[in-house]
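Shown next, in structure tokens, is the structure this report addresses.
Coordinate-derived values only; no laboratory data. A quick note: this is a predicted structure, and the numbers were derived from the prediction, not measured. Every residue, glycine among them, receives a Cβ derived from its backbone with ideal geometry; neighbour counts consider all protein chains shown.
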Amino acid sequence: MAEQTVADSNDAAGRPVGRRIVLGMLGLGVLGVAFGDHLQSIESAFLRPLEERDPTGLSALIPAGDTFRFYSITGDEPERTSSDYQLTVDGLVDRPATLSLDDLNAMPQTTMIKDFQCVTGWRVPQVHWSGVALPDLLDHVGVQKGATALQFTSFDGAYTESLTLEQARRRDVLVATQMLGGAVSRAHGGPVRLYVAPMYGYKSCKWLGGIKVTSRVTPGFWEQNGYDVDAWVGKSNGRGDAPTS
Ligand SMILES: Nc1nc2c(c(=O)[nH]1)N[C@H]1C(S)=C(S)[C@@H](COP(=O)(O)O)O[C@H]1N2
Ligand SMILES: [Mo]
């Protein structure tokens with residue numbers, strides 16, 4: 001029943017789709033169907049266009065494994081070269097900034113080796129990441145009084161995400177310029193993506209274009225479609241995964 005709702009709204013974009021999916025989930029709850037299965041169908045509803053481009057069709061059939069799947073809610077991979085890339089940081093900050101890739105590379109760099117886990121179940125262990133720790137970027141622009149949250153926007157023109165200011169001050173939240181031992185590839189959201197180590201993959205906004213410091217949390221794209229706003233691996237979304245390491 002709920003799957004039908006999702007499929008019906010597959011080709012539509014934006015908010016009305018979200019409401020219908022949330023209604024579908026309430027129905028599912030009454031039926032006692034596992035929440036995790038439904039998350040899979042929410043993501044597939046939006047991601048089908050990309051999977052259809054996989055000529056083997058195998059990526060859609062492999063439920064989990066140690067490899068990344070490439071996600072894009074718009075169905076394509078927007079392009080910014082390393083020379084025309086810009087990250088806008090504004091909102092409740094003392095020094096709004098427009099940062100080039102060179103600017104980001106000139107800031108103190110943070111490196112970590114950590115898992116990447118999608119809420120649908122797949123996890124890639126021990127991925128190499130580096131870039132600017134988000135708290136360092138926040139210190140660079142100066143957060144003003146009254147700020148409690150951050151909104152992230154993608155230059156794909158559609159994806160958004162959020163963190164509370166407290167979450168954004170963690171040292172394992174990265175404005176990532178490197179991943180898997182090289183520049184973040186276009187398919188993985190390069191030249192710059194967010195990486196939120198302790199949270200499910202949907203927090204890790206690809207093709208990062210803007211960071212706005214705000215006075216309240218603005219739920220992101222998936223949250224408007226039923227995901228938890230707090231995305232802690234192992235605690236949120238009713239999944240019960242082991243925490244990532
Ligand atoms: N712009 C954008 N960012 C995104 C997504 C997306 O569709 N568009 N999908 C999210 C989800 S649900 C996951 S699991 C990861 C997947 O990252 P990958 O495509 O590099 O494997 O990206 C996240 N960031
Ligand atoms: Mo995901």
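Scoring S162 on the criteria (1) assigned to a strand (DSSP E or B); (2) touching a Cys at 6+ places or on another chain (Cβ under 8 Å) leaves a single failure, condition (2).
Select the strands (runs of 3 or more DSSP E) contained entirely in the range 167-214, then report the ones holding at least 2 residues which are crowded, with 24+ Cβ neighbours inside 10 Å and hydroxyl-bearing (S, T, Y).
none
Scan the range 196-226 for residues that are within 13 Å of ligand 2 (Cβ to nearest atom), under 19 Å from V124 (Cα atoms) and not β-branched (V, I, T) and the total you get is 8.
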